[in-house]
Amino acid sequence: MNEDNNIKDDLDFWATNSEEGGWNISSTDEGSQKMLEEEDEKQIKIQTGSDVVDDYVYSEETTDDERMIVNMGPQHPSTHGVLRLQVELEGEVVRRVKPVIGYLHTGMEKTGEELAYFQGPTNTTRMDYLSPLFNELVFSLTTEKLLDIEVPERAKAIRILMTELNRISSHLVALATGGMDIGALSMMIFGFRERELILNFFEKTSGLRMNHNYIRPGGVAADLPDNWQKDIKEILKIIPEKLKDYDEMLLDNPIWQGRLKNVGILTTEECFAYGITGPSLRASGFSWDLRKTQPYSGIENYEFEVPLLTDSDVFSRWRIKVLEIFESLKIVEQVMDTIPKGAYRIQDKKVTPPPRQRLDESMEALIHHFKIYTEGFKVPPGKAYVAVESPRGELGCYIVSDGSSKPYRMHVRGPSFCNLQALPVIMADSPIADAVAAIASLDPVIGDVDR
Amino acid sequence: MSLDEINVEIDQYFKTVEDYKKDGYEMMIDLTAVDWYRKKEPRFEVIVNLLSVSKNSRLIMNVPVPDEDLTIPSICEIYPGANFYEREVFDMFGIKFENHPELTRILMPDDWTGNPLRKDYGSGRIPVQFKNAPKVD
Amino acid sequence: MFSPDNIFTTTIDKAVRWSRTQSMWPVTFGLACCAIEMMAAGSAKYDLARYGMEVFRASPRQADLMIVAGRVSQKMAPVLRQVYDQMAEPKWVIAMGACSSTGGMFNNYALVQGVDHIVPVDIYVPGCPPGPQSLMHGILTLHDKIMEGEINR
């Protein structure tokens, strides 16, 4: 212990320590060891970082030169958007973290109260901009639950097809940006290259690469384009091959493993305490997927498995995304083979406008069309909450209707907002270099956090 | 999957949540509020959404907040994940949460005045000016 | 190659302008949806490296161009201005997308209705979000503007 204290006095403390190999904090620093013991008593740390302030008063346990507060963001290349973190460092070890959010607050819940139900997906699609179709889906499902209508089977199948493709593209971006954060720059190029394939299909179907406004209350905006099976077959052929490339490049790569394994542990108990769902929960060894447990839009008709990993570290959170892409591809293939014929939106005059050619023939159809697109359809009073499994976890929508054509209150439960609360837990007591890997593994989308 | 909805009085709120936690509702999924401005008494209602993964059921709790004192107990001790949600409700509706570890604005800047999601707070729409539009003094 | 026969002459003005356009480094200022399209423009298929722009600088001091990609909230506005002030002259700004150009569909309390309230904007790129092709068209238009405009900024 004496020897350790001598080292501590040395100015070159961290350099010496790293020569000895590893970040053996508890043996060299009494203060931090005491802190760790205290934390063991509480099973779940309530670590909000609320005591990280700029005029931090140093405790007696630490000397002045050891602790400092570093501000990371809001404009920072590896925080996945405009996330700001106040990081309290002791040497190079993160002690406390306080996420500061709100730099992308767009007031979408307020705007949602001003837009009619048929305009709603235009608004919600811009929340989680990596998985826009899920936002449209959850808003449409909630509105349909309030209206008490059931969409045709073909519309359901199209919705599943599009959202599962969207899950693939979202995971590809997560893998790409996550790889870039950790230094695997080829991964960035690869991920975006494969994403283009799926975006081309989206552009063909809905007219836009992102923010589609394609899934609407009552069905979808348009039918699938001609020869869509050809594009899907191409996607089904190319993406598994490329995923094998990723595995070849990274899975057995000792640098990648050493960088990610046993880093950023997030256990199942912590997931429960913070309400964290999605890949992070499944990577901690708890199988929970709303597609299996609370199925929506007819996804129970397709066969797929829920991947499960038990290591609960950054590596398994990265790996589970790759495995989920394979499962989504399975669903896409089944939808392609079994898609039923029929209408792509509900044939209910209350919700659906008349087809274009009827407008030239019938005055009533024209009036009806005009009424739907100016006033909107009325939704009976009530409350509804519907949740779907988005690429990041449970995405829920809570709508309160007062009987008019606009929602009285529209609230979206974004998964990233909740998952971000785990950052202080994951990042605590790990080197600052691992912090970037931890942020990337949670895959937060700030548009979804701030709304 | 089952979805239950119950109404809870404010003095029973903390204990009810605690009981449901013991009863197997492991996760707090969502916490939000509704402003019933001039539609209903009392004006504000806090909505808590709990999820039980073991029983595969959801529970939605409606808690009316009395008008004279917009204060409600914080459930951060029971569910640490409620932290951000309660700050969001405080920011957007101005409802205070007792015993919250850090009750500050979360989405809006710290020096902002007003609570944007209240019904008597305007949406802040700026009229769009087109070319050669008549000038308003 | 560099024999006395291969001399070409030009004006200093033209050489300076040309060199400004050919290695214009953008600052990473991704805010929202448009940032993803900006990243897509920088990666394999669209390949911004063709214009010498593949290095998105994390530090504003090394950057010439700010692509404001996404909606600017009231909370972000001071940060944006600070990053702009930290950039060294000469500097240009592209407002990418409807939100940063005019506020877009979110005409409400939270957003700055157009980033030109805070910083001077050279090029507005329409779209929600603009595709990578649109962004590249905006960049090429900016190149034309630099080639023809004043050399002193």
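The values are calculated or read from the model by the stated rules, or taken from the named source; none is laboratory data. From a predicted model like this one, the values you see are computed outputs, not experimental measurements. Neighbour counts run over all protein chains shown; Cβ positions are idealised from the backbone, glycine included. Accessible surface is based on the protein model in full, side chains and every heavy atom, while ligands, DNA and RNA are left aside. Shrake-Rupley method; radii C 1.70, N 1.55, O 1.52, S 1.80 Å.
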Nearest-20 debye value, the range A:273-348 charge dipole, Cβ charges on Lys, Arg, Asp, Glu
180 debye
Rounded to the nearest whole number, the Stokes-Einstein translational diffusion coefficient of the range A:114-348 at 10 °C and 1.306 mPa s (Kirkwood radius, C-alpha pairs) in µm²/s is 85 µm²/s
What accessible area per residue, rounded to a whole number of Å², is obtained for chain C using a probe radius of 1.4 Å?
45 Å²
For q values of 0.08, 0.16 Å⁻¹, compute log₁₀ I(q)/I(0) with the Debye formula on a Cα-only model of chain C, without solvent.
-0.24, -0.85
Return the average number of partner chain Cβ atoms within 10 angstrom of each residue Cβ along peptide B:75-82.
5
Of the options A:298, A:286, A:342, report the single residue whose Cα projects farthest towards the positive end of the charge dipole of the range A:262-349 (beta-carbon charges: Lys, Arg +1; Asp, Glu -1).
A:342
Cα centre as origin, Lys/Arg/Asp/Glu Cβ charges: the range B:2-98 dipole, Debye
260 debye
For the peptides A:177-185, A:156-164, what is the packing order when you average, over each peptide's residues, the other Cβ atoms within 10 Å and list the highest mean first?
A:156-164, A:177-185
Could you tell me which of A:359, C:120, A:397 has its Cα farthest along the dipole of the protein assembly as shown towards the positive end, charges placed at Cβ (Lys, Arg +1; Asp, Glu -1), taken about the Cα centre?
A:359
Calculate for the protein assembly as shown the 222 nm mean residue ellipticity that helices alone would give, adding -39,500 (n - 2.57) per DSSP H run of length 4 or more and normalising by residue count, nearest 500 deg cm²/dmol.
-12000 deg cm²/dmol
For the protein assembly as shown, whose charge dipole is built from +1 on Lys and Arg Cβ atoms and -1 on Asp and Glu Cβ atoms, the candidate among B:122, A:430, A:158 with its Cα farthest towards the positive end is A:158
Over all alpha-carbon pairs in the range A:286-422, figure out the percentage whose distance exceeds 23 Å.
57 percent
Dividing the alpha-carbon radius of gyration of the protein assembly as shown by 2.2 N^0.38 Å (N being the number of residues), what value is obtained?
0.98
Calculate the dipole size of chain A relative to its Cα centre from +1 charges on Lys and Arg beta carbons and -1 charges on Asp and Glu beta carbons; express the result in debye to the nearest 20.
3320 debye
Leaving out ligands, DNA and RNA, what percent of the accessible area of chain A is carbon and sulfur, probe 1.4 Å?
50 percent
Quick one: check the C-alpha center-to-center distance for the range A:339-387 versus the range A:106-171, whole angstrom.
17 Å
Those lysines that a straight Cα-Cα span of less than 20 Å connects to residue A:230, excepting residues fewer than 8 apart in one chain
A:204, A:242, A:330, A:341
Using only Cα atoms and rounding to the nearest 10 degrees, what angle (0 to 90) does helix B:82-93 make with the longest principal axis of chain B?
30 degrees
From the cross-link list C:45/C:91; A:349/A:383; A:292/B:22; A:350/B:39; A:145/B:131; A:156/B:40, the entries with a Cα-Cα span beyond 32 Å are A:145/B:131; A:156/B:40
